Amino acid sequence: MFTAAAALQWRGWQPHRADWWSGSLQLLGTLAFNATTLRALGTALDSPSYDRVVWRPDAVGSVLFLASGYLAYVQVSGGALRLPPRTRDGAIAAVNLFGCVAFGVSAVAAFVLPATGSEADIALANSATAVGALAFLVGALLLLGEGAPRSEPATPPDRPLSDGQVSRPAQ
């Protein structure tokens, strides 16, 4: 029987899981960054509304990314101060958290100073954005292998038994 609860479960509604929250927060952060990008296309840097329209969504997206990356890292490593395991999951969590931190640095550096009307540090904002994007790309590329089917172990070779007969794998 197909119920509403089953439909929510099928669609991935699992708020009791840390990885669900991590993915949800990253989605919200991505939406905030996309809103920033769209608004930035129509807002001049020297506009009085630039800080309200562009920087604040960047900051919101960065905070959401940091929370997402932190949750994923803690989930995989077993604690905030523990190193992640030397697995694909551990590498994905570490590189994504690094990207989240880079985007956070970028957001702080992109803050428009009211006195001058210019960004706090444009070079740092641009380089940290590039580093964050590169880290997310590496995380995504590592994630590609997650969905691949696991290969079956190779059939063991024929082995001689102690009496000279040959053991063959079961068919």
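The values are calculated or read from the model by the stated rules, or taken from the named source; none is laboratory data. Note that this is a predicted model, so its numbers are computed, not measured. Cβ placement follows ideal geometry from the backbone for every residue including glycine, while neighbour counts extend to all protein chains displayed.
Remarks
- For segment 87-137, the set of residues classified as β-branched (Val, Ile, Thr) and farther than 20 Å from Asn34 by Cα consists of Thr87, Ile92, Val95, Thr116, listed by residue number.
- In the set (1) at pLDDT 75 or above; (2) of a type outside the set (Gly, Ala, Ser); (3) in a helix (DSSP H, G or I), Glu146 fails one condition alone, (1).
- Residues in segment 55-90 that are of a type in the set (Lys, Arg) and assigned to a loop (DSSP other than H, G, I, E, B): Arg82, Arg86.
- Among the residues of segment 94-120, those identified as of a type in the set (Gly, Ala, Ser) and either without any contact (Cβ under 8 Å) to a residue 24 or more places away in the chain or on the phi > 0 side of the Ramachandran plot (or both) are Ala94, Ala109, Ala115, Gly117, Ala120.
- Near pairs, Cβ below 6 angstrom, 6+ apart or cross-chain, from segment 65-81 (in contact (Cβ under 8 Å) with a residue 24 or more places away in the chain and closer than 13 Å to Phe98 by Cβ) to any residue that is of a type in the set (Phe, Trp, Tyr) and part of a helix (DSSP H, G or I): Phe65/Phe103
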